[in-house]
Amino acid sequence: MLAVIELLTPAAFALARLATAAAIYFAILKIGLALTHAFEKEIFAKLPLLEVIAKSIGIALSVFIFKQWYWEGAFSIDTLFGPDSYWRRDLADFLAHAANPFWHIPLNTLVDTTNVSSRLLYGAIIAYLLALFIFLPASVAFRTIVVSVIFVALTVYTFVYAAAFILWSLYTLNFWACIVVILLLTSARR
């Protein structure tokens, strides 16, 4: 009996860390959605395309971060399950670094004007700002820029945190994740 408890104790602590990280994610998501819905009714009601463009810029920044993770090998099996894994972090380190999108923004790629991706991102931002000042009065345009920055930050945070949480969960659960996947696949077949 003691051997079973010793085997399950690390798994229980891992599940507690994962549950805490998931609760933090959903709390931040809930707060962000409440903020965006409050601003959305006031600002984006006239031009809903502006909301779509702001969220698209956030998704593009998330893709930049995912490309950087891919180049660093964060998605490879060796990195994911190895003893020196990038994802070998405690909860505080995970929240401060791995799940923090502003820690990962590849500034060298964004500054490189020869990169086609950064040119497209800059073009989208310039088109967005021009559309704001063409279609909206100046006072509303400045408020819309502030709300748009909140939208972009929330979108980037949502995508990066979710991806980091999935990868950190796979590392934390290790072989237990395979058992969960097998159970999900067998229940999906029924």
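For the stretch 12-53, list log₁₀ I(q)/I(0) at each q in 0.14, 0.25, 0.33 Å⁻¹, using the Debye formula over Cα point scatterers of equal strength and ignoring solvent, two decimals each.
-0.48, -0.80, -0.99
Kirkwood hydrodynamic radius (Cα pairs, Å) of the stretch 127-190? All intermediate terms of the calculation are to be shown ahead of the outcome.
Numbers: mean 1/r = 0.0653 Å⁻¹.
Mean inverse Cα-Cα distance, inverted, gives 15.3 Å.
When only the heavy atoms of the protein chains count and the probe is 1.4 Å, how do R119, R143, R17, R89 rank by accessible area, highest first?
On the way: R119 145, R143 110, R17 85, R89 50 Å².
Putting R119, R143, R17, R89 in descending order of accessible area: R119, R143, R17, R89.
What number, in nm² with one decimal, is the all-direction average of the projected area of the convex hull of the alpha-carbon atoms of the stretch 99-160? Walk me through the intermediate numbers first.
Values: hull surface 19.1 nm².
Dividing the Cα hull surface by four gives the mean projection, 4.8 nm².
Below 15 angstrom from the Cβ of L18, what's the summed charge of the other residues (Lys, Arg +1; Asp, Glu -1)?
On the way: positive: R17, R88, R89; negative: D90, D93.
Net charge in that neighbourhood comes out at +1.
What FRET efficiency comes out for the pair A92/A162, r = Cβ-Cβ distance, R0 = 30 Å, nearest 0.05?
0.95
Sorted by accessible area with a 1.4 angstrom probe, largest first, how do S56, S139, S85 fall?
Numbers: S56 60, S139 80, S85 10 Å².
These residues rank, largest area first, as S139, S56, S85.
Label I126 and R189 with points 7 Å out from Cα along Cα→Cβ: what is the distance between them in nm?
If labels sit at I126 and R189, their model points lie 5.5 nm apart.
Over what distance in Å are the Cα centres of the stretch 126-190 and the stretch 56-85 separated?
15
Given a 1.4 Å probe and the protein chains all in place, what does the accessible area of I77 round to, in Å² to the nearest 10?
Rounded to the nearest 10, the figure is 110 Å².
At a probe radius of 1.4 Å, what is the per-residue accessible area of V116, in Å² to the nearest 10?
Ignoring ligands and nucleic acids, V116 comes out at about 100 Å².
Sort Y128, Y157, Y70 by accessible area with a 1.4 Å probe, largest first.
Details: Y128 10, Y157 45, Y70 155 Å².
The ordering from most to least exposed comes out as Y70, Y157, Y128.
Please calculate how many Å² of accessible area the chain carries per residue, with a 1.4 Å probe and no DNA, RNA or ligand atoms counted.
Details: 11690 Å² over 190 residues.
Spelled out: the 1.4 Å probe surface of the chain, per residue, equals 62 Å².
Run the accessible area of the chain with a 1.4 Å probe and give the carbon-and-sulfur part as a rounded percent. Provide the component values of the computation, followed by the final result.
Values: 8670 of 11690 Å².
Carbon and sulfur together cover 74 percent of it.
Let me cross-check I166: its accessible surface, 1.4 Å probe, with only protein heavy atoms counted, in Å² to the nearest 10?
Per-residue accessible area (I166): approximately 100 Å².
Determine the shape class of the chain: with a ≥ b ≥ c the square roots of the Cα gyration tensor eigenvalues, call it rounded for a/c under 1.5, and otherwise prolate if a/b is greater than b/c, oblate otherwise. Intermediate values should be presented prior to the final figure.
Working: a/c = 2.70, a/b = 1.91, b/c = 1.42.
Since a/c reaches 1.5 and a/b is larger than b/c, the shape of the chain is classed as prolate.
Could you tell me the relative contact order of the stretch 39-190? Use alpha-carbon pairs under 8 Å, at least six residues apart, and round to a whole percent.
Values: 103 pairs, mean separation 60.1, N = 152.
That works out to 40 percent.
At 0.36 nm per residue, and after removing the present C-alpha to C-alpha distance, how many nm does the segment from A12 to R143 gain when stretched out fully? Intermediate results must be reported in sequence, preceding the final value.
Values: separation 131, 0.36 × 131 = 47.16 nm, distance 4.65 nm.
Contour length minus Cα-Cα distance gives 42.5 nm.
The values are calculated or read from the model by the stated rules, or taken from the named source; none is laboratory data. Just so it is clear, the model here is predicted, and its values are computed rather than measured. As a convention, Cβ positions derive from the backbone with ideal geometry for all residues, glycine included, and neighbour counts pool all protein chains shown. Ligands, DNA and RNA are stripped out before the accessible areas are found, and what is left, the full protein with its side chains, is counted by its heavy atoms. Shrake-Rupley method; radii C 1.70, N 1.55, O 1.52, S 1.80 Å.
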